[in-house]
1. Scanning for something modelled with pLDDT of 95 or more, farther than 30 Å from Ser299 by Cβ and surrounded by 17 or more Cβ atoms within 10 Å (Cβ to Cβ), does the range 60-77 turn up at least one residue?
2. Got at least one residue in the range 177-191 being in the same structural domain as Val113 (by TED's automatic domain parsing), surrounded by 20 or more Cβ atoms within 10 Å (Cβ to Cβ) and among the aliphatic types (A, V, I, L, M)?
3. Quick one: Leu188 ticks every box in (1) within 12 Å of the chain's Cα centre (by Cα); (2) under 14 Å from Gly131 (Cβ atoms) except a single one, so which number is it?
4. Collect the residues in the range 254-290 that are out of contact with any Leu (no Cβ under 9 Å at 6 or more places or on another chain) and more than 27 Å from Glu108 (Cβ to Cβ), keeping them in residue-number order.
5. So Ile303 fits all but one of (1) surrounded by 14 or more Cβ atoms within 10 Å (Cβ to Cβ); (2) in contact with an Asp or Glu (Cβ under 9 Å, 6 or more places away or on another chain); (3) not in a strand (DSSP E or B); what number is the exception?
6. Of Ala260, Ala278, which residue is under 19 Å from the mean Cα position of the chain (by Cα), assigned to a loop (DSSP other than H, G, I, E, B) and either surrounded by 14 or more Cβ atoms within 10 Å (Cβ to Cβ) or of a type in the set (S, T, N, Q) (or both)?
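The values are calculated or read from the model by the stated rules, or taken from the named source; none is laboratory data. Fair warning: this is a prediction, and the values are worked out from it, not measured in the lab. Don't worry about glycine lacking a Cβ; one is built from the backbone with ideal geometry, like all the others, and counts go over all protein chains shown.
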Amino acid sequence: MPSWNRVAFRISRVITVLGAVSGWIVAPSRAQEAPAIRSKVNLVTVAFTARDSTGALLDTLSADDVQIFEDGAEQKIAYFAKSADVPLTLGLIVDASGSQDRFSKQHEKDIQVFLKNVLGPKDRAFLLCFGNHLRLVSDFTQSGPEMMERLKQYEKDSDRFPEIGPKERRDLGTAFYDSIFYSTQEKLANADGRRAILIFSDGEDNSSSHDMMSTIEAAQAANVLVYAIRYTETAKHGMLTARNQYGIRVMDRVAKETGAWNVDAKQTDPAEYFRRIAEELRTMYEVGYYPLNPMKDESFRKIVIRPKAESVTIRAKSGYFARQAREKTDSSLRSE
């Protein structure tokens, strides 16, 4: 039989446990006075390219060679990878509005060059053409000839191809922003591989339901780089109109904010800039971190990736908006 001292000790332990349980029971009432943080901390991933002092791409960096900052605060790197062996998942978006009529043959020729020189056996791409409708001319495919054949069919009868995005009533004919936004949301956001868009346009818009900033935000959130291939029709004597200048600034801004760049298609050999784009996409890095600030407060978080070697230059998207992840709808779940 246990001694009285031992019994007393056990009774005191029971009282202590009951007290702790009592504290747990009343905890919810205290939580109502000071709500707990419920925001889920998600891994933030950023794709980036690195170049040396001569402009050559670097493929030898490790996590120890860079630092990453969010709003000026250094973050702990949780994930680091090279994408040399990652397949490319691409969207080719072609402006088929009236302002691009004179460039339609050049679009076709340049896309053919791209498909021949860039698209590898593990890569896939889709083709979207837009004016005041967003037409999915070719869904994801690894076949360049198939895509070109469908593009020729589109030029003969565009109405036969399905639209993406919601039905919109558009009075005018250029939905530049919507073409990027819905390509990102419906085709690339949940796709595997290194994701990028190549848009062939002059950057002018007169009928989108989205603006430049919401378009950039969608691409940043999905880690989609937007390479802008610009075809600008100039006025007499090569002068740029106000619309031309605005379109140039738009394409430059969208490209830079997503971590890509824009090119003047009239000034550069397409084989050269497509080679550069492919080389970049296959020599990229991806770094991930769990932000020290866990709140999903809708604010924009500026991201800076800083190399430890002064001779290295890094290009990446400018940041992201801290938003709650959107739940998939039943229809989106069924379509996967």
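1. Within the range 60-77, not a single residue is modelled with pLDDT of 95 or more, farther than 30 Å from Ser299 by Cβ and surrounded by 17 or more Cβ atoms within 10 Å (Cβ to Cβ).
2. The answer is yes; a qualifying residue exists.
3. (2) is the only condition that Leu188 fails.
4. Lys256, Glu257, Glu286, Val287
5. Only one criterion is unmet by Ile303, namely (3).
6. Sole residue among the options that is under 19 Å from the mean Cα position of the chain (by Cα), assigned to a loop (DSSP other than H, G, I, E, B) and either surrounded by 14 or more Cβ atoms within 10 Å (Cβ to Cβ) or of a type in the set (S, T, N, Q) (or both): Ala260.
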